[in-house]
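Have a look at the structure below before the remarks.
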Amino acid sequence: MSNTTLLLLTIAAMMLAAVPVAMMLKRFLPDFLHRSAGIDQLENRIYVLHSEIHELQDRVNGKVQRRNQVSAEKHRAETENRKMERAIAEIALQPPVFVHEVGDPQAGLSKFLVNVAQEKASAGGDKAQVNPIWRCANVAEVWASGAEEAKQLVEVAFPFKMGFTKNFQRTQGRPNPGRIKAPAS
């Protein structure tokens, strides 16, 4: 036999032996590689990381939403604060209004508003010391059951002979929010 024939027979024998080995490798090799590479563990870890990513994204979205709410509330509070500061500045520029209460507020009584001023001299001609509050606006809140009773209470609290002038207001409006309570004198 020639060397070529021997080479061919050796190759044929090797192929016959290699076919069953290849079949066995084809059957067992993927499972072996799969187990040795830890692909199941990697897949499980990927699922865990994926769920953690979704959880973290939900937390981030919640935090962003909360930040936006806080920012909106802060903006609203700052706007309200600026409005209040402007209102306070406007009230500070206005002269004070002194409010005198005449009578006790009770159920069934009406409130009458009366503008009160004091002249520098009394009706008798005597010079009297004028309290500085009378240089500003003064309003009397009179609690009475009717207009006639209110006029009597005002006349007793602020007599004409002491230099007081009185004007009843037509509407029962609200006094200025910058008012200062003063005792009836």
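The values are calculated or read from the model by the stated rules, or taken from the named source; none is laboratory data. Please read these numbers as outputs of a predicted model, since none were measured by experiment. When we count neighbours, we look across all protein chains shown, and the Cβ atoms used for this are built from the backbone with ideal geometry, even at glycine. Keep in mind that these areas ignore ligands, DNA and RNA; they rest on the heavy atoms of the full protein, side chains included. Shrake-Rupley method; radii C 1.70, N 1.55, O 1.52, S 1.80 Å.
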Worksheet item: Could you say whether any residue in segment 120-127 is of a type in the set (Lys, Arg), at pLDDT below 95, surrounded by 11 or more Cβ atoms within 10 Å (Cβ to Cβ) and in contact with a strand residue (DSSP E or B) (Cβ under 7 Å, 6 or more places away or on another chain)?
Response: no
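Kindly evaluate Leu29 against the criterion of being in a helix (DSSP H, G or I), surrounded by 10 or more Cβ atoms within 10 Å (Cβ to Cβ) and modelled with pLDDT under 85. Give the derivation first.
Numbers: in a helix (DSSP H, G or I): yes; surrounded by 10 or more Cβ atoms within 10 Å (Cβ to Cβ): yes; modelled with pLDDT under 85: yes.
Taking the combined requirement at face value, the residue satisfies it.
Output the residues belonging to segment 137-154 that are farther than 18 Å from Gly108 by Cβ and not aliphatic (A, V, I, L, M). Step through it out loud before you land on a result.
Let us first name the residues in segment 137-154 that are farther than 18 Å from Gly108 by Cβ, namely 137-140, 151, 154.
Asn138, Lys151 - these are the residues of segment 137-154 that are farther than 18 Å from Gly108 by Cβ and not aliphatic (A, V, I, L, M).
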Item to complete: Report, ordered by the first and then the second residue, all pairs with beta carbons closer than 6 Å, sequence separation of six or more or different chains, a first member in segment 138-153 that is farther than 12 Å from Val114 by Cβ, and a second member that is open to solvent by 20 Å² or more (accessible area, probe 1.4 Å).
Response: Ser145/Leu109
Worksheet item: Looking at (1) open to solvent by less than 90 Å² (accessible area, probe 1.4 Å); (2) in a loop (DSSP other than H, G, I, E, B); (3) among the hydrophobic types (A, V, I, L, M, F, W, C), can you tell me which one Met1 breaks?
Response: (1)
Worksheet item: Could you give every pair whose Cβ atoms fall below 7 Å, whose first residue belongs to segment 90-111 and is of a type in the set (D, E, K, R), and whose second residue is open to solvent by 80 Å² or more (accessible area, probe 1.4 Å) and not in a strand (DSSP E or B), counting only separations of at least 6 or pairs across chains?
Response: Lys111/Gln172
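Just to be sure before I move on: is Gln106 within 27 Å of Arg170 (Cα to Cα), assigned to a loop (DSSP other than H, G, I, E, B) and modelled with pLDDT under 90 in the structure I sent?
On the way: within 27 Å of Arg170 (Cα to Cα): yes; assigned to a loop (DSSP other than H, G, I, E, B): yes; modelled with pLDDT under 90: yes.
Judged against the criteria, Gln106 is a match.
Rundown of residues vs (1) open to solvent by 90 Å² or more (accessible area, probe 1.4 Å); (2) assigned to a helix (DSSP H, G or I); (3) modelled with pLDDT of 90 or more, yes/no style:
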position: Arg82; (1), (2), (3): yes, yes, yes
position: Glu85; (1), (2), (3): yes, yes, yes
position: Ala89; (1), (2), (3): no, yes, yes
position: Val99; (1), (2), (3): no, no, yes
position: Lys111; (1), (2), (3): no, no, yes
position: Asn115; (1), (2), (3): no, no, yes
position: Val130; (1), (2), (3): no, no, no
position: Ala140; (1), (2), (3): no, no, yes
Fill in: Residue list for segment 37-60, restricted to those being open to solvent by 80 Å² or more (accessible area, probe 1.4 Å) and not charged (D, E, K, R)
Gln41, Leu42, Asn44, Ile46, Tyr47, His50, Ile53, His54, Leu56, Gln57
